[in-house]
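Just below is one structure, and these are the notes that go with it.
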Amino acid sequence: MRPLLITPLVAAVAAALIATTDALDSSPATASVRPVATATHAPVAPTATVRSAVATPSPTAAPSAAKSAAPPPSASAAALGRTAVAPADDVSAKVGVLFTGDTPAGSHFCSASVVRSATRNLLVTAAHCVGSTDGLQFAPGYRDGHTPYGTWQVTRVYTADGWASDEDQDEDFAILQVAPNSGHDIEDIVGGNPLGFDDDFSDQVDLYGYPAGTEAPLLCTNTTTQQATYQRRIDCPAYPGGTSGGPWISTRTGEVVGVIGGYQQGGDTPDTSYSSYFDHTMTALYRKAVTGSA
């Protein structure tokens, strides 16, 4: 996981910027597992699996290179490759923080987002963000200590077998199921973005994420590239610890085509982020989550 760095500049800049503040239509018939991309990658097991597993930050397991937490001063992300505080709109309402405890203020450690499904209760995040459901909650649209759409208890974690058995960085993604809140499913409240599979490696995406210790989501738009056979890359400044699990939303389709994670569990510098590629392995995982398969 990206190291959880908090600097005085993060708090200062974040505070200043806050004020300007469908299942599958078609999917592969089988879920055969892809070959390993390179010799450095862990072997991939033949099926996806479900782990009941505490979701806590893991700074000791993070890469040693330090990450700067401060976003640039601009309040607009219109220019490609520019990072700013995300506007409070219906898109950012689907993105939120993962945390444990009574309140996310100061304790959120990863990002996640709501995805469209027949069950209307699923999130997507990075696998390295979650270990168990114990106390794990999600707050969509979290901003400045407020949870405008409530908090949602995570009840199940789905990860691909390659991650569960060997923490294969090519399968660093997870589907989370959340319980209803006051009789409503989470999609009833904030909606959800569709998941996208087999997306072009070169695609323009909106990158969302919450740095740990800051109180609003960041947004950057840029074009992605291929890092490795099953890895994507995007260059956006100031995405440090806590942004892991943040969605890559295609500006062309509106689909979530990645999450910050994968190579180096998202990257060991704040200016470049990675994602495991969403192919048939993710398709199979999503199908398991929708059907509630074990």
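Taking the full set of protein chains and a 1.4 angstrom probe, give the accessible area of Glu167 in square angstrom, rounded to the nearest 10.
In the full protein context, Glu167 sits at about 110 Å².
Pairs of alpha-carbon atoms within less than 8 angstrom and 6+ residues apart define the contacts here; what relative contact order does segment 107-163 have, in percent?
Worked out over segment 107-163, it gives 25 percent.
Can you classify segment 182-294 as rounded, prolate or oblate using the Cα gyration tensor, where a ≥ b ≥ c are the square roots of its eigenvalues, rounded means a/c under 1.5, and otherwise it's prolate if a/b beats b/c and oblate if not?
Here segment 182-294 falls in the oblate category.
Heavy atoms only, probe 1.4 Å: what % of the accessible area of segment 135-204 goes to carbon and sulfur, would you let me know?
Carbon and sulfur atoms account for 39 percent of the accessible area of segment 135-204.
Mind listing the long-range amide H neighbours of Gly246? Cut-off is under 5 Å, sequence gap 5 or more, other chains count too, H placed in the peptide plane at 1.01 Å from N.
Ser111, Ile260
Using θ = phi - 60° and the Karplus curve 6.51 cos²θ - 1.76 cosθ + 1.60, what whole-Hz ³J(HN,Hα) does each residue of segment 152-158 get, with Gly and Pro shown as x?
Along segment 152-158, the couplings run 10, 6, 6, 10, 7, 10, 10 Hz.
Taking the full set of protein chains and a 1.4 angstrom probe, give the accessible area of Tyr142 in square angstrom, rounded to the nearest 10.
Its accessible surface works out to 0 Å², give or take rounding.
How large is ³J(HN,Hα) for each residue in segment 255-264, as worked out from phi by the Karplus curve 6.51 cos²θ - 1.76 cosθ + 1.60 (θ = phi - 60°), to whole Hz, x for Gly and Pro?
Taking θ as phi minus 60°, the curve returns 8, 7, 10, x, 9, 4, x, x, 3, 6 Hz for segment 255-264.
Starting from the amide H of Arg156, placed 1.01 Å from N in the peptide plane, find each other amide H under 5 Å away whose residue is 5 or more places distant or on another chain.
Those qualifying (amide H under 5 Å, at least 5 residues apart or on another chain) are Gln177.
Tell me, what ³J(HN,Hα) does each residue in segment 114-121 have, in order and in whole Hz, if you take phi through Karplus 6.51 cos²θ - 1.76 cosθ + 1.60 with θ = phi - 60° and put x for Gly and Pro?
7, 10, 5, 7, 5, 7, 6, 9
Can you pull the accessible area of Asp89 for me, 1.4 Å probe, Å² to the nearest 10?
Accessible area of Asp89: about 60 Å².
Tell me, how many Å apart are the Cα centres for segment 175-237 and for segment 244-260?
What the calculation gives is 4 Å, centre to centre.
Counting only residues 5 or more places away or on other chains, whose amide H sits under 5 Å from the amide H of Tyr239 once H atoms are built in the peptide plane?
Under 5 Å from the amide H of Tyr239 lie the amide H atoms of Asp271, each far enough along the sequence or on another chain.
Can you give me the accessible area per residue for segment 207-294, using a 1.4 Å probe, in Å²?
It amounts to 24 Å² per residue over segment 207-294.
The values are calculated or read from the model by the stated rules, or taken from the named source; none is laboratory data. Only a predicted model underlies this, so the values are computations on that prediction, with no experimental measurement involved. All accessible areas refer to the heavy atoms of the entire protein, side chains included, with ligands and DNA or RNA removed. Shrake-Rupley method; radii C 1.70, N 1.55, O 1.52, S 1.80 Å.
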